[in-house]
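Trainee: After the structure tokens below, expect a handful of questions from me.
The values are calculated or read from the model by the stated rules, or taken from the named source; none is laboratory data. Every value quoted in this text rests on a predicted model; they were computed, and no experiment measured them. Backbone-built Cβ (ideal geometry, glycine too); neighbour counts: all protein chains shown. In case anyone asks, the SASA skips ligands and DNA or RNA and just uses the protein heavy atoms, side chains included. Shrake-Rupley method; radii C 1.70, N 1.55, O 1.52, S 1.80 Å.
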Amino acid sequence: MRMALYDVAPELNVSSALLPGILDGIYCLETNTILIDRRITYTRKRCTLVHELVHWRHGDDTTSGCMGGKMERRCRRETAILLIDPAEYALAERMYDGDPYQMAAELNVTVQIIEDYRALLYEHVR
Ligand SMILES: [Zn+2]
């Protein structure tokens, strides 16, 4: 992961840290650094890293945390698309009768990602 990242963005710094409060990750625009909380599970780290990479790509500073709003909605939507394979999602949905917790475990993502992806699917249906 680190090597692949270095190829994509050699000037971007990614480190783990002890982040305050409930923050899982931040992206600091000024220092071009992503920090991921070191206490969270591997799955959450993976999802947080992709989330912060999307912020990085858009130049969104999240030093004070992800506060919601339009920028955060865009980021969550793009993160879900990057982390979920549509065929795997469809299979997991059938296998687990749409239960987001079991689907999250199967797809190696957080429940939040499942919910964001699901919201996206309904958006397309409408
Ligand atoms: Zn965010």
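Trainee: Before I look further, what does region 1-66 give for accessible area per residue, probe 1.4 Å, in whole square angstrom? Walk me through the intermediate numbers first.
Mentor: On the way: 3910 Å² over 66 residues.
With all protein chains present, region 1-66 gives 59 Å² per residue.
Trainee: Could you tell me which residue out of L82, M103, T41 lies farthest along the dipole of the chain toward its positive end? Charges go on the beta carbon: Lys and Arg +1, Asp and Glu -1, centred on the Cα centre.
Mentor: It is T41.
Trainee: Please compute the net charge surrounding L107, taking Lys and Arg as +1 and Asp and Glu as -1 over other residues with Cβ under 14 Å from its Cβ. If you can, show how the numbers build up before the last one.
Mentor: Working: positive: R44, R46, R94, R118; negative: D85, E88, E93, D99, E106, E115, D116.
Around L107, the surrounding residues sum to -3.
Trainee: With charges set only on the Cβ (+1 for Lys and Arg, -1 for Asp and Glu), what does the dipole of the chain come to about its Cα centre, in debye to the nearest 20?
Mentor: Values: 15 positive and 19 negative charges, 24 e Å.
Computed charge dipole of the chain: roughly 120 debye.
Trainee: Once neighbouring chains are kept in place and the probe is 1.4 Å, which whole percent of the accessible area of the chain is contributed by carbon and sulfur? Before the final figure, lay out each step's value.
Mentor: Working: 4410 of 7960 Å².
Carbon plus sulfur share of accessible area: 55 percent.
Trainee: Hey, another quick one. For the full complex of protein chains and a 1.4 angstrom probe, list S16, S64 by accessible area with the highest value first. Write out the running numbers ahead of the final one.
Mentor: Details: S16 60, S64 90 Å².
Reading off the accessible areas and sorting them downward yields S64, S16.
Trainee: Dipole of region 1-69, Cα-centred, from +1 at each Lys and Arg C-beta and -1 at each Asp and Glu C-beta, to the nearest 20 debye? Before the final figure, lay out the partial values.
Mentor: Working: 7 positive and 8 negative charges, 80 e Å.
Rounded to the nearest 20 debye, it is 380 debye.
Trainee: In 5 Å bins starting at 0, how do the alpha-carbon pair distances of region 1-66 split up by percent?
Mentor: 4, 19, 32, 28, 14, 3, 0
Trainee: Assign unit charges at the C-beta atoms only (+1 for Lys and Arg, -1 for Asp and Glu), then state the dipole size of region 84-126 relative to its Cα centre in Debye, rounded to the nearest 20. Please list the in-between numbers first.
Mentor: Values: 3 positive and 9 negative charges, 24 e Å.
With Lys and Arg at +1 and Asp and Glu at -1, about 120 debye.
Trainee: Using a 1.4 angstrom probe on the protein heavy atoms only, line up C47, C66 by accessible area, largest first. Display every interim value, and only then the final one.
Mentor: Working: C47 10, C66 50 Å².
Result, largest first: C66, C47.
Trainee: A further question on this structure: Using only the Cα atoms of the chain, construct the convex hull and provide its projected area averaged over every direction, in square nanometres to one decimal. Before the final figure, lay out each step's value.
Mentor: Values: hull surface 33.2 nm².
Result: a mean projected hull area of 8.3 nm².
Trainee: With a 1.4 Å probe and all protein chains left in place, how much accessible area per residue does region 84-126 have, in Å²? Write down the numbers at each step before the final one.
Mentor: Working: 2880 Å² over 43 residues.
Accessible surface, normalised per residue, equals 67 Å².
Trainee: I would also like to ask the following. Name the residues of region 62-105 whose amide N is less than 12 Å from a point 7 angstrom out from the Cα of V111 along the C-beta direction?
Mentor: 99-105
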